[in-house]
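Student: Sharing a structure here in structure tokens format.
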């Protein structure tokens with residue numbers, strides 16, 4: 001084998017140096033990318049609840065998430081002497097946009113399971129999907145829309161609100177009216 005000449009040794013050393021420099025640069029180079037900015041989680045918004053009926057100061061109140069009906073009644077100054085709390089679940093959680101109605105003793109709520117003729121009455125604020133479909137002119141789509149409406153509006157506060165649902169006009173409402181009622 002012949003011996004390498006000086007220029008060949010320098011050329012090989014130069015290439016090894018070049019490769020070593022490239023490896024060092026690749027290892028030492030910071031990764032490129034888009035920097036992430038971390039923000040704190042959003043603060044949950046408080047609930048707005050309408051308290052009405054036999055309370056000392058009816059109105060709209062701001063309550064913390066996780067509040068209960070008794071918190072809403074307390075915010076409204078408590079109940080009046082004529083309040084009928086027998087049918088009210090004070091431990092129920094409140095929802096944003098809900099209307100809480102406290103009846104008075106002289107109001108006669110229609111108990112669940114009562115009948116109009118041979119048909120049971122349906123409580124719009126608590127009826128199941130299947131119960132809603134027993135109403136005249138109410139099929140699966142309308143029953144779904146009724147449930148969607150009551151969940152997004154905190155329930156029905158009057159029977160006529162049923163006409164806010166698409167497909168339920170005055171004629172349909174008049175057919176349904178004898179078979180429905182609402183409780184808070």
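Bear in mind that the values in this text are calculations on the coordinates, not laboratory data. Here the structure is a predicted model, which means the values were calculated and not measured. No Cβ is skipped: glycine too gets one built from the backbone with ideal geometry, and neighbour counts run over all protein chains shown.
Student: What fraction of the DSSP beta bridges in the chain is antiparallel, stated in percent and rounded to the nearest 5?
Tutor: Percentage antiparallel, nearest 5: 60.
Student: Measure off 7 Å from each Cα along the Cα-to-Cβ vector at residue 8 and residue 57, then give the distance between these two points in nanometres to one decimal.
Tutor: Between residue 8 and residue 57, the simple spin-label model gives 10.0 nm.
Student: Using the C-alpha atoms of segment 115-181, what convex hull volume per residue, in cubic angstrom, is computed? Don't skip to the answer; put the middle values down first.
Tutor: Working: hull volume 5.0 nm³, N = 67.
It comes to 75 Å³ per residue, whole-number rounded.
Student: Where does each of 87-98, 121-132, 32-43 land if you order them by average Cβ count within 10 Å, highest first?
Tutor: The peptides rank, most packed first, as 121-132, 87-98, 32-43.
Student: Which whole-number percent is the relative contact order of segment 47-102 (Cα, under 8 Å, 6+ apart)?
Tutor: 48 percent
Student: Moving on to the next point. Nearest 10 degrees is fine. How inclined is helix 140-153 to the longest principal axis of the chain, computing both from alpha carbons?
Tutor: Result, in degrees: 80.
Student: Over segment 115-181, what is the relative contact order in whole percent, taking alpha-carbon pairs under 8 Å and six or more residues apart?
Tutor: On the way: 62 pairs, mean separation 29.4, N = 67.
Relative contact order for segment 115-181 comes out at 44 percent.
Student: Between residue 177 and residue 65, how many nm apart are label points set 7 Å from Cα along the C-beta direction?
Tutor: 4.2 nm
Student: Please work out how much length the chain gains when fully extended from residue 80 to residue 32, using 0.36 nm per residue of separation minus the C-alpha to C-alpha distance, in nm with one decimal.
Tutor: 10.6 nm
Student: Can I ask one more? Based solely on its DSSP helices, what 222 nm [θ] is calculated for the chain when runs of n ≥ 4 H residues each add -39,500 (n - 2.57) and the sum is averaged over all residues, nearest 500 deg cm²/dmol?
Tutor: It comes out at -9000 deg cm²/dmol, rounded to the nearest 500.
Student: If R₀ is 45 angstrom, what is the calculated FRET efficiency for the pair residue 148 and residue 25, using the beta carbon separation as r and rounding to 0.05? Display every interim value, and only then the final one.
Tutor: Values: r = 61 Å, r/R0 = 1.35.
So the FRET efficiency works out to roughly 0.15.
Student: Quick one: if you stick a label point 7 Å off each Cα along the C-beta vector at residue 43 and residue 134, how many nm between them?
Tutor: 4.8 nm
Student: Taking the alpha-carbon set of the chain, what are its Rg and Dmax in Å?
Tutor: When restricted to Cα atoms, the chain yields Rg and Dmax of 34.8, 119 Å.
Student: Return the single residue from 24, 102, 168 with maximal mean-square fluctuation; model: Gaussian network over the chain, springs between Cα atoms under 10 Å.
Tutor: 24
Student: So for the chain, averaging the separation of alpha carbon pairs under 8 Å that are six or more residues apart and normalising by length, what relative contact order in percent results?
Tutor: Values: 233 pairs, mean separation 31.3, N = 184.
In percent, rounded to a whole number, it is 17.
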